[in-house]
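Okay, structure first, notes after.
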Amino acid sequence: MTSEDLGRPIEILLVEDNPGDVRLTIEALKEGKVRNNLSVARDGVEALAFLRREGIHEKASRPDLILLDLNLPRKDGREVLEEIKQDASLRRIPVVVLTTSKAEEDILRTYDLHANCYINKPVDLEQFILVVRSIDDFWLSVVRLPSKV
C-alpha cells in the first residue's frame, strides 16, 4: 500500500543504535518519492515497547515497515525479529534487516525467523544512501503493504 493509497505518509520504524546510520537513513528517506514518518528505536527493548505501545510509546503509530539492525544493545535484532513474527498483531509488518553482518549464519537465521528481506549496510556513504533509497523505492512505491487492522 503506497502513501497515495493511504492518503497519509508511510510509517517507518528504524531500529538502529548507530547515530551516524540513523542520520544517513533520515537524509536518504527525506529525498525519497514517498512521504514517510520515521520513528527511531535505539535498541531492541525500545523497539518492542514502541511496537506494543508501552510506556512513553503508548501513542506511537503502528509502522508500515520496520528497518532492523541485528547488532543492538539490550535485546539483539534476532530476538526482536523473533518476537515480532511470533506476535499475531505484529507479524504482518514487513521487516527489512539492514545490517553490517555478512555472516551466512545470520542470513539463514533471519530468514528462518521470517525476515522479509536481508540487506548488508554498505560502509561507503554514497552506497549507503543508494541502498536506503532502493528500500524506499521498492517497499514504499512498488510493494503493496497490508492495511492496518
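The values are calculated or read from the model by the stated rules, or taken from the named source; none is laboratory data. Please read these numbers as outputs of a predicted model, since none were measured by experiment. Every residue, glycine as well, gets a Cβ built from its backbone with ideal geometry; the counts of neighbours run over all protein chains shown.
Listed by first and then second residue, the pairs with beta-carbon distance under 6 Å, at least 6 apart or on different chains, first residue in region 33-59 and at pLDDT below 95, second in a loop (DSSP other than H, G, I, E, B) and not β-branched (Val, Ile, Thr), are 35/9; 36/9; 37/9.
Here is the figure for region 115-149: residues that are more than 15 Å from residue 25 (Cβ to Cβ) and of a type in the set (Val, Ile, Thr) total 3.
Residues that are within 17 Å of residue 9 (Cβ to Cβ), hydroxyl-bearing (Ser, Thr, Tyr) and outside any helix (DSSP H, G or I) within region 113-149 comprise just one, 147.
Of the helices (runs of 4 or more DSSP H) that lie entirely inside region 10-112, not one contains 3 or more residues that are among the acidic types (Asp, Glu) and buried (at least 23 other Cβ atoms within 10 Å of the Cβ).
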